[in-house]
Structure formats: structure tokens, C-alpha cells
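*Asks:* Mind having a look at this structure? Questions to follow.
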Amino acid sequence: MALILSGCVVKQQQPAPVEPTQPTEPPVQPVPQPQPIAQPPKLKTIDWDASVQPLVAQMLRATSAEPGSVLLVDRIKNSTNGALQSEKATDAIQNALNNNGKFTLVSTEQLNQAKQTLGLSPDDSLNSRSKAIGLARNVNAQYVLYSNAQGDVKTPTLQMQLMLVQTGEIIWSGNGVAQN
């Protein structure tokens, strides 16, 4: 059997000849044309200082509060049709009331402490007159300034009400349109 097997010649296959190819240029890709970028809508910013100054001045002239009375400025309520920079609006009201000679303002720290005591979040945006009065009672304020922005978010109407904490009576109310 060894003789038979040794007589078999295994035929090896030769690799197929490789034909030289000419280098080809890669296909030309079209250069993408830059697409025009849509401009985002221009945001109209509200000048909160200019918007609240006249209302605060009107309130200070109209009220007969004793100098040194404690006033709580509640966070402005957003009743507009969009997102409002309520923090900036509230800060503008507080800035307009700084050194007014009539009211001593409740500090942000006191307000946050009162909110914590009442189980409210410092960022609580569900404003209501009853919450504002409850906060004012907690910090021993005699007055609370409740503010509301309503209508179109681009030009909201501002409404402010000064209330006696003891009775909840609105002793002054004013309206104005926010200015861009």
C-alpha cells in the first residue's frame, strides 16, 4: 500500500497570475454646499427695572405705611403664555424698594427660612395670595407685595397689589405694561 500511495503525485495548484492594474483615481465626491443656518428668533428682553420702577413709585406715594414697616416681596407669579424670567422681575422689584424710607424688606434668607418652615420649596412658583400672606405672617411682616405678570410673555402686563397681612385687605393696586 505504501508503494501505491508513494506513486501518487499530488498536483499542486499554481496561484492564478495577477494582472497589474493601473491605479485609478478615487471617484470624485461632490463637495457639500453649506446649508444656510436658520437664525434663532431674537429674544426680546424685558427691562424689568424700567418696568417696575413706576409701579413701585406709585405705590410708595399712595400708601400711608409707617416708616420701618416690614414688607415681604413675594415672587412674581407668571400667568403669561410662556416662560418668564420671574427671578429677574422679583429682583427688580426688590431693587426698586431698597432704601425707600418707608419699608424694611424681608431678606431673601428670612424668606427662604420661612418657606422651609412652611414646607415650601425655595423655588416654589405656585404663587398665591394666601401663601404670600402665610409667609409674611411667618416673618412678622405687616405688608406683602403680591405681583403677577399676565398676557403675552413678550409684553406682559404687570399687576401689583399691596396687602395688609393682618386682614388680607388690598390697600393699593397698580398695573403697567412691561417695557422691552
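The values are calculated or read from the model by the stated rules, or taken from the named source; none is laboratory data. All of these numbers come straight from a predicted model, not from anything done at the bench. Ideal geometry is used to build each Cβ from the backbone, glycine not excepted, and the neighbour counts take in all protein chains shown. What goes into the accessible areas is simple: the full protein's heavy atoms, side chains included, and nothing from ligands, DNA or RNA. Shrake-Rupley method; radii C 1.70, N 1.55, O 1.52, S 1.80 Å.
*Asks:* Out of the range 115-126, which residues are over 18 Å from E87 (Cα atoms) and surrounded by 11 or more Cβ atoms within 10 Å (Cβ to Cβ)?
*Replies:* Q116, T117, L118
*Asks:* Turning to a different aspect of this structure: For A141, which of the numbered conditions (1) within 24 Å of S51 (Cα to Cα); (2) out of contact with any Gly (no Cβ under 8 Å at 6 or more places or on another chain) fails to hold?
*Replies:* The one condition A141 does not meet is (1).
*Asks:* Hey, among the residues in the range 80-95 that are open to solvent by less than 80 Å² (accessible area, probe 1.4 Å) and assigned to a loop (DSSP other than H, G, I, E, B), which one's modelled with the highest pLDDT?
*Replies:* G82
Yes or no, residue by residue, for (1) over 24 Å from I171 (Cα atoms); (2) more than 16 Å from the chain's Cα centre (by Cα); (3) among the β-branched types (V, I, T):
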residue: N81; (1), (2), (3): yes, no, no
residue: K102; (1), (2), (3): no, yes, no
residue: V106; (1), (2), (3): no, yes, yes
residue: S130; (1), (2), (3): no, yes, no
residue: R137; (1), (2), (3): no, yes, no
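*Asks:* If only one of N148, N98, N112, N180 is touching a residue at least 60 places away in the same chain (Cβ under 8 Å) and surrounded by fewer than 17 Cβ atoms within 10 Å (Cβ to Cβ), which one is it?
*Replies:* Numbers: N148 fails: surrounded by fewer than 17 Cβ atoms within 10 Å (Cβ to Cβ); N98 fails: touching a residue at least 60 places away in the same chain (Cβ under 8 Å); N112 fails: touching a residue at least 60 places away in the same chain (Cβ under 8 Å).
Only one candidate passes the filter, namely N180.
*Asks:* Now for a different question. All but one of (1) buried (at least 17 other Cβ atoms within 10 Å of the Cβ); (2) in contact with a Phe, Trp or Tyr (Cβ under 7 Å, 6 or more places away or on another chain); (3) without any contact (Cβ under 8 Å) to a residue 60 or more places away in the chain hold for R129; state the number of the condition that does not hold.
*Replies:* (1)
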